[in-house]
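Input: a single structure, listed below in structure tokens.
The values are calculated or read from the model by the stated rules, or taken from the named source; none is laboratory data. Computed from a prediction, not measured in an experiment: that's the story for all the values here. Cβ: placed from backbone, ideal geometry, glycine included. Neighbour counts: every protein chain shown.
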């Protein structure tokens with residue numbers, strides 16, 4: 001699709017492959033959505049999302065998603081947040097700081113490999129007492145047993161999946177951890193935006209079908225107790241642009 005943005009006329013003209021053309025106001029909801037799709041690809045490809053930190057730890061997340069995530073944590077007030085994918089430690093610190101702010105909750109953060117230097121840095125942080133690190137395959141029986149030992153039957157549980165983003169692995173994680181999620185809470189399969197990045201310089205064609213969003217949709221279709229349900233904004237829901245996220249079809253809400 002071609003886009004022609006005319007700032008003088010304040011319009012956006014689209015042209016599809018079949019040469020069908022359409023013009024919409026630049027400063028309209030539809031105009032915002034068109035520009036957002038392109039901007040999101042640019043933001044990802046230019047690695048802008050790698051330029052943020054949380055309490056001094058790099059956090060590789062899209063800021064809009066992070067703000068929405070804190071709304072959900074404040075609303076749910078989980079006792080346990082289980083995170084797969086430690087990476088540079090930013091999200092573990094983010095979750096732990098949210099627990100400190102709401103006055104409850106602990107974080108279990110899992111990765112196939114956690115560098116000793118990162119582990120030591122996390123242990124020196126102001127939130128070390130709220131974080132348990134587990135090294136190993138997040139979907140393995142050994143790791144699952146360790147996690148289950150940390151979760152009590154009366155805990156309110158929120159789960160965030162951000163490790164290996166292949167559809168196969170995310171499905172394994174969803175099936176492995178879903179029963180730990182408390183009704184009224186979520187299991188989030190992050191970074192389904194991959195499905196929209198196949199034509200970017202750093203993208204891959206197979207991402208069109210091999211991505212976390214595809215795993216989440218397949219999982220939701222197989223379960224009657226989960227639905228894909230983006231959390232509503234606490235304010236200004238009417239202004240939300242659905243595709244302005246790295247996590248399309250990510251929010252799996254447990255009904256019962």
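When region 167-220 is filtered for residues that are in a loop (DSSP other than H, G, I, E, B) and either buried (at least 17 other Cβ atoms within 10 Å of the Cβ) or at positive phi (or both), the ones remaining, listed by number, are 181, 182, 184, 185, 190, 191, 197, 203, 210, 211.
Conditions tested, residue by residue: (1) touching a residue at least 60 places away in the same chain (Cβ under 8 Å); (2) outside the structural domain of residue 139 (by TED's automatic domain parsing).
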| position | (1), (2) |
| --- | --- |
| 20 | no, yes |
| 25 | no, yes |
| 40 | yes, yes |
| 68 | yes, no |
| 72 | yes, no |
| 84 | yes, no |
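Of all the listed residues (157, 151, 107), the sole one being surrounded by fewer than 18 Cβ atoms within 10 Å (Cβ to Cβ), within 18 Å of residue 182 (Cβ to Cβ) and at pLDDT 95 or above is 151.
In region 110-135, the residue that is surrounded by the fewest Cβ atoms within 10 Å (Cβ to Cβ) out of those that are in contact with a strand residue (DSSP E or B) (Cβ under 7 Å, 6 or more places away or on another chain) and not in a strand (DSSP E or B) is 113.
Before we move on, is residue 38 within 21 Å of residue 128 (Cβ to Cβ) and either touching a strand residue (DSSP E or B) at 6+ places or on another chain (Cβ under 9 Å) or not in a helix (DSSP H, G or I) (or both)? No; evaluated as a whole, the condition is false for this residue. Considering only residues in region 51-66 that are in a helix (DSSP H, G or I) and without any contact (Cβ under 8 Å) to a residue 60 or more places away in the chain, the one that is nearest to residue 182 (Cα to Cα) turns out to be 66.
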